[in-house]
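Structure first, then comments.
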Amino acid sequence: MKVVMIGSGYVGLTTGVALSYIGHEVSIIDIDVKKIDKLKNRIPPFHEQGLEQLLQETSSSMSFYDHWEGINLDVDIIILAVGTPSKSNNEADLSYVEDAARQIGNKLTRNMNPLIVNKSTVPIGAADKVKQIIMQTCTAKGFVSHIQVASNPEFLREGEALYDSFYPDRIIVGVDSDFARNQLYSLYQPILERTFKPLSVLPKARNATLPPFISTSPNSAELIKYAANSFLAMKISFINEFANLAEQVGADITEVARGIGLDERIGTRFLNAGIGWGGSCFGKDTRAIIQTGKQYGSEMSIVQTVVQTNDKQRELVVKKLQNYLKVLRGKTIGILGLAFKPNTDDIRDAPSIDIIQRLIDLGVYVQVYDPLAMEQCKLSHPSLDIHYTETAEEVFNQAHAIILVTEWEEFRTLSYQHLVQRMRNNLVIDGRNFLNGEIITEYGYTYSGIGKGS
Ligand SMILES: NC(=O)c1ccc[n+]([C@@H]2O[C@H](COP(=O)([O-])OP(=O)(O)OC[C@H]3O[C@@H](n4cnc5c(N)ncnc54)[C@H](O)[C@@H]3O)[C@@H](O)[C@H]2O)c1
Ligand SMILES: O=c1ccn([C@@H]2O[C@H](COP(=O)(O)OP(=O)(O)O[C@H]3O[C@H](CO)[C@@H](O)[C@H](O)[C@H]3O)[C@@H](O)[C@H]2O)c(=O)[nH]1
């Protein structure tokens, strides 16, 4: 099939590369000229496992455009994967989706009939809105468009975006017709039936079960996305709330999480207590669905609590520091990790930024190391008054405490027994329960995890 992807971000690019790998001819358009320049040279604009290799492998079936004039919309499917960030009132900002819809309308001619597929996370009714914009733009040009718009929410995780694109748990399509459903089945057929050539750059499928293809109404599909993210965020806020209690009552939250997670109805995943969830999606999507609830007089009180619990969780490590060190002004604190989670350079809504800002406000000298996200941090937070170190080890120099914020694998194997000698005080706050507290204590540190009261 011929496919146009609008947006070359985490979703658009990884999905585009995957579709190209399974045999489609994919054109990607993005208004970010720098991104497209890189992509034309097969350089990934962000870090994602396997992306660089796959960009090379798919070079004959992928093309990139930085302006709408050059792109041909006489294709089978056009996918929208533009951003839907939070507006100042926490609603989802649909302006990028609407602009893209207008641009599609401007370029369509009478004889073109691609299926429009919305992959961006959007509030309920956005598929209808996109359809309305395209039809109005066509009408203004003098013809009636019979365009159809489907919703196809995306569930990939950053850091594992390509794996998730090839081995999704399910594919949800919100459609109004058999035509739309069949087009989307054909688009994903090699993934649904797992008939594509296995990829050397990705781990093997962790599950032998093929992904189900679920077709729903567009409104249900749009709501599924918000419900999924809210539920996952809820699991984390839930375990964090219990972690804080565990610390008070002398229990260990990792034991509690395992104990409840082995009940299949609960499940072991997404029960890692820590400094709270971050990233480009959970925060904006939970806040957006709370706003949608308000518009319908349907209060999303559980989701509201999930967000509040998470906001408090980000302050927890600073409180811990105050408990141990008392006055923070004039102290040096080392931060291990900036990315909102490992294996990505993304720092959108990363807990690290809130924690660092709070420390700076309290008069702390902050030194930071992250294997991938430092450049991104310098670009998006140029005024953040911190010292970036060249190695993880330097973060320990003269530090009164270390906070482990992101569980990068390389932080597990640092030479902790030697690094303690570089510090002025021996405190390690493990914001991800990532290190072995017993061993760290044997090396002479004071170790504090999250929810480790026993
Ligand atoms: N990042 C994720 O892990 C993830 C996962 C699932 C769903 N989503 C959702 O997918 C959507 C995209 O997320 P993302 O993280 O890929 O965003 P992103 O910000 O990384 O990428 C969006 C891209 O769209 C481009 N763009 C904006 N307007 C355009 C236009 N009119 N024409 C062409 N390009 C345009 C931007 O320049 C940008 O490169 C969001 O709605 C998000 O909530 C994201
Ligand atoms: O047990 C856990 C699991 C995750 N996290 C944190 O939760 C955040 C989000 O993690 P994750 O969900 O792995 O990353 P994302 O890439 O943001 O993916 C989420 O958001 C995407 C965008 O909507 C969805 O597509 C994915 O399904 C959904 O998992 C990160 O800060 C993690 O550190 C925890 O604190 N404890």
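In a loop (DSSP other than H, G, I, E, B), among the small types (Gly, Ala, Ser) and within 16 Å of ligand 2 (Cβ to nearest atom): is that true of Gly83 in this structure?
Here the answer is yes, as Gly83 does meet what is asked.
Give the residues of region 1-45 that are out of contact with any helix residue (DSSP H, G or I) (no Cβ under 7 Å at 6 or more places or on another chain), within 16 Å of ligand 2 (Cβ to nearest atom) and among the hydrophobic types (A, V, I, L, M, F, W, C), sorted by residue number.
Matches in region 1-45: Val11, Leu13.
Taking the condition in the same structural domain as Ile333 (by TED's automatic domain parsing), under 25 Å from Ser280 (Cα atoms), surrounded by fewer than 15 Cβ atoms within 10 Å (Cβ to Cβ) and not charged (D, E, K, R), does Ser380 pass?
yes
Quick one: how many residues across region 106-147 are crowded, with 23+ Cβ neighbours inside 10 Å and among the small types (Gly, Ala, Ser)?
Selection size over region 106-147: 3.
Against the condition modelled with pLDDT of 95 or more, closer than 15 Å to Asn310 by Cα and more than 10 Å from ligand 2 (Cβ to nearest atom), how does Glu255 come out, does it pass?
No; evaluated as a whole, the condition is false for this residue.
Hand me the list of helices (runs of 4 or more DSSP H) wholly inside region 1-64 holding 2 or more residues that are assigned by TED's automatic domain parsing to the domain that holds Phe166, among the basic types (Lys, Arg) and within 14 Å of ligand 1 (Cβ to nearest atom).
33-40
Working only within region 240-273, note down all residues that are within 23 Å of the chain's Cα centre (by Cα) and at positive phi.
Gly267, Phe270, listed by residue number.
Could you check region 275-300 and list, in sequence order, the residues that are on the phi > 0 side of the Ramachandran plot and more than 16 Å from ligand 1 (Cβ to nearest atom)?
Selection gives Gly276, Gly297.
All but one of (1) within 21 Å of the chain's Cα centre (by Cα); (2) near ligand 1 (Cβ under 9 Å from one of its atoms); (3) not acidic (Asp, Glu) hold for Leu94, so report the exception by its number.
So Leu94 meets the others, but not (2).
Only one of these conditions is not met by Lys204: (1) within 15 Å of ligand 2 (Cβ to nearest atom); (2) under 23 Å from the mean Cα position of the chain (by Cα); (3) not β-branched (Val, Ile, Thr). Which number is it?
Of everything listed in (1) within 15 Å of ligand 2 (Cβ to nearest atom); (2) under 23 Å from the mean Cα position of the chain (by Cα); (3) not β-branched (Val, Ile, Thr), Lys204 misses just condition (1).
Would you please name the residue that is nearest to Ala221 (Cα to Cα), looking only at residues in region 172-188 that are in contact with a Pro (Cβ under 7 Å, 6 or more places away or on another chain) and of a type outside the set (A, V, I, L, M, F, W, C)?
Gly174
List the number of the failed condition for Arg157; all other conditions in (1) crowded, with 16+ Cβ neighbours inside 10 Å; (2) within 16 Å of ligand 2 (Cβ to nearest atom) hold.
Of the numbered conditions (1) crowded, with 16+ Cβ neighbours inside 10 Å; (2) within 16 Å of ligand 2 (Cβ to nearest atom), the odd one out for Arg157 is (1).
The values are calculated or read from the model by the stated rules, or taken from the named source; none is laboratory data. Note that the structure is a prediction, hence the values are computed from the model and not measured. With ideal geometry, Cβ positions are generated from the backbone for all residues, glycine too; neighbour counts draw on all protein chains shown.
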